[in-house]
Each structure stands twice: as structure tokens, then as C-alpha cells.
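Enquirer: One structure, as C-alpha cells, below. Some questions next.
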């Protein structure tokens, strides 16, 4: 049994529904249908979890299992959207040329060779997982690496395993972008995220989790912690179609959503089921964010090992949005 949440958690000992701070016996409410749909997605998860629907910056509905919209979770790979936002912001500020090779900005970790298959690729390729690199974060952990800096240095010595220019999802790309941000912004990743994204948006935003072997090497590729409420604010800020505060100017928002290499992955955003957002899976974390066609944002954050693929959560949220559109 999940508990529906409105601004505060209900006691697990009571079979009640909490609506706008008022306890309603028996679970009868005007939000019951929406809560039921979110609850169906929640039922796909295990452990501490929350599913939230946000529109125009306000939480419309949320259901949770020992959590609510302000509870911090690992974002897993949803962290990549934050990282991409920082890279594009630095590009908008003319501090990064996205057409330039990444070794232009990180010469200290790339071999001094004009034929290096990874370092000569443009920043755009890293944003879009088009470098041909596979993920080597598990290799980094098994090799005794204990920081994202060390993982990035390892990744810089490796050779692309697939055809350059083709889509191949890789944590290597975004851990290298983490270092790129720190080098260009002259700030640690956490500080850059706060100053350039969260502070302008007026929300706490979260922090980088370095407490486990899995997360300490990931940096901006998968180690950010935040709440569903704050993540919804970020994704609204990346939506050119909605009102509210934006992190990027209109032309740069358009660039973020443009197809550069693959239509399914665009500069830190996943496009699936006719909608966009991102997904994440990491150890005991499953996450998904879907931006609906009308601007409604759906977020599921879970501290559990199910479902096996977070795409199932994305599809569940996209299905809710489809049903809302049909009504």
C-alpha cells in the first residue's frame, strides 16, 4: 500500500489519504484519479520512492513510499541533464566553443597527439554520447579509482570502442564534461551548479554524493542528489514552451533540444515516446523525468533495485501524460 502525500506524509498506520494538508478517511478526493495513475508508477518501484506531478511550478499531485517531493534521492543519470545545462551555459557565455575538441580545454589529461581518437572530438560529441566510448565506471572502481577526476583521467587514456559519431551511451562522456566544467568555470562542480543553475532558479538543488564506491567516481555523470520538486524546477527551466525562469536564453534552449547526432539523445535530454526528459539507474536507484506535451512535469525517484530498467518508469509517466492529453 502506498501513501498519497500532500505537503506532508501521512502516518503509515492510518489508511487515509492526505489532500492539501487535510486527512480524508477512505481516500476519497478530487485528486483520486491522478493519485491512482501516479500510484501505478510507484508500484513499479521498490524501497523508498516518490512520484510527483508538477505544473506551472506547483506540485499538483504526489504519491510516495516513506518519501515526498522534498526528499533527497540519488538522481543517477538524470544528473547528466544538470551537467549538460552547465556546459551549454558556459558556451552561451562564450567560455566554451562546442565545436572545439575537448583536449583544447583539458590538455593535461589527454595524450599530446593530434591523432588521439577521443581528445580530438568536439564537445558536442560528448554532450550527445557520440564519441564511440563505452562506459568504464565499473572498471574505474575495480582499478581503485576513488574520485571522478581519476575516472576522467582513466577515460582519457582509452580508445573508443564503437564508430565515432554514432550514439553509444557512456558515463565516460559526462565525467569528462564534469572536468571540463570545473576547468572552464574555475569552480568545483558543486559550486558551479549552485551559482549557475540552482541559485538563479531559487531552489536548494542538492549536492554531489561521494559516499559510495559507485558514486564517488561518477561526478556529473550520475552522482547528484536532489528532490523531485527541485528537479521539476530544472526541467521547467529547460522547456522553451513554458513560462517561468530559464537558465539559458531562447536561442540556447533551442540548441539544447536540437538533433546533433541522434534524435533519441539531445544534449543531456532523452527523447522517448514523443516526450523528453531523462532516466537513470545506479545500484539501488531508479529515476525518470518526463516533460509532457502540455508542460506538465512528471518525476519518479526511487531508492530501490526495481524495475530492472528505468525506461519502464519513463514509459509509465509518458502513458499518464498521453491519457491526460486525450481527455
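Enquirer: Could you tell me which residue of the range 180-207 is nearest to the chain's Cα centre (by Cα), considering only residues that are over 19 Å from residue 153 (Cα atoms) and free of Cβ contacts under 8 Å to residues at least 24 places away in the same chain?
Expert: Once the filter is applied, the top-ranked residue is 207.
Enquirer: Between 98, 82, which is surrounded by 15 or more Cβ atoms within 10 Å (Cβ to Cβ), farther than 27 Å from residue 299 by Cβ and touching a helix residue (DSSP H, G or I) at 6+ places or on another chain (Cβ under 7 Å)?
Expert: Of the residues listed, the single one that is surrounded by 15 or more Cβ atoms within 10 Å (Cβ to Cβ), farther than 27 Å from residue 299 by Cβ and touching a helix residue (DSSP H, G or I) at 6+ places or on another chain (Cβ under 7 Å) is 98.
Enquirer: When you look at residue 325, is it modelled with pLDDT under 95 and within 21 Å of residue 59 (Cα to Cα), yes or no?
Expert: yes
Enquirer: Wholly within the range 123-185, which helices (runs of 4 or more DSSP H) include no fewer than the required count, namely at least 1 residues that are touching a helix residue (DSSP H, G or I) at 6+ places or on another chain (Cβ under 6 Å) and farther than 20 Å from residue 82 by Cα?
Expert: 137-142, 148-155
Enquirer: What's the total number of residues in the range 48-69 that are touching a strand residue (DSSP E or B) at 6+ places or on another chain (Cβ under 7 Å), in a loop (DSSP other than H, G, I, E, B) and surrounded by fewer than 16 Cβ atoms within 10 Å (Cβ to Cβ)?
Expert: Residues in the range 48-69 being touching a strand residue (DSSP E or B) at 6+ places or on another chain (Cβ under 7 Å), in a loop (DSSP other than H, G, I, E, B) and surrounded by fewer than 16 Cβ atoms within 10 Å (Cβ to Cβ): 1 in total.
Enquirer: Report the residue count in the range 218-256 for those that are assigned to a loop (DSSP other than H, G, I, E, B) and within 25 Å of residue 61 (Cα to Cα).
Expert: Going through the range 218-256 one residue at a time, the tally reaches 9.
Enquirer: Now, a different point. Which of the residues spanning the range 135-147 are buried (at least 17 other Cβ atoms within 10 Å of the Cβ) and either free of Cβ contacts under 8 Å to residues at least 24 places away in the same chain or more than 20 Å from the chain's Cα centre (by Cα) (or both)?
Expert: Answer for the range 135-147, where residues must be buried (at least 17 other Cβ atoms within 10 Å of the Cβ) and either free of Cβ contacts under 8 Å to residues at least 24 places away in the same chain or more than 20 Å from the chain's Cα centre (by Cα) (or both): 140, 141, 145.
Enquirer: Of the residues 44, 106, 98, 86, which is out of contact with any strand residue (DSSP E or B) (no Cβ under 6 Å at 6 or more places or on another chain), under 30 Å from residue 217 (Cα atoms), assigned to a helix (DSSP H, G or I) and modelled with pLDDT of 95 or more?
Expert: Just a single option satisfies the conditions, and that option is 86.
Enquirer: Any chance you could count how many residues in the range 186-207 are in contact with a helix residue (DSSP H, G or I) (Cβ under 7 Å, 6 or more places away or on another chain) and assigned to a helix (DSSP H, G or I)?
Expert: Here the count works out to 6.
Enquirer: In addition: Show me the strands (runs of 3 or more DSSP E) found entirely inside the range 266-324 where at least 2 residues are out of contact with any strand residue (DSSP E or B) (no Cβ under 6 Å at 6 or more places or on another chain).
Expert: By residue number, 270-272.
Enquirer: Is there a residue being under 16 Å from the mean Cα position of the chain (by Cα), surrounded by fewer than 18 Cβ atoms within 10 Å (Cβ to Cβ) and touching a residue at least 24 places away in the same chain (Cβ under 8 Å) anywhere in the range 166-179?
Expert: yes
Enquirer: Pairs only if they're at least six apart or on different chains, beta carbon under 7 angstrom, first in the range 252-264 and free of Cβ contacts under 8 Å to residues at least 12 places away in the same chain, second part of a loop (DSSP other than H, G, I, E, B); list them, first residue then second.
Expert: Cβ pairs passing all conditions: 258/266; 259/266.
Enquirer: Right, residue 132: surrounded by fewer than 19 Cβ atoms within 10 Å (Cβ to Cβ) and touching a residue at least 24 places away in the same chain (Cβ under 8 Å) or not?
Expert: No, not satisfied.
Enquirer: Among the candidates 210, 215, which residue alone is in a loop (DSSP other than H, G, I, E, B) and touching a residue at least 60 places away in the same chain (Cβ under 8 Å)?
Expert: 210
The values are calculated or read from the model by the stated rules, or taken from the named source; none is laboratory data. What you are looking at is a predicted structure, and each value in this text was computed from that prediction instead of being measured. Ideal geometry is used to build each Cβ from the backbone, glycine not excepted, and the neighbour counts take in all protein chains shown.
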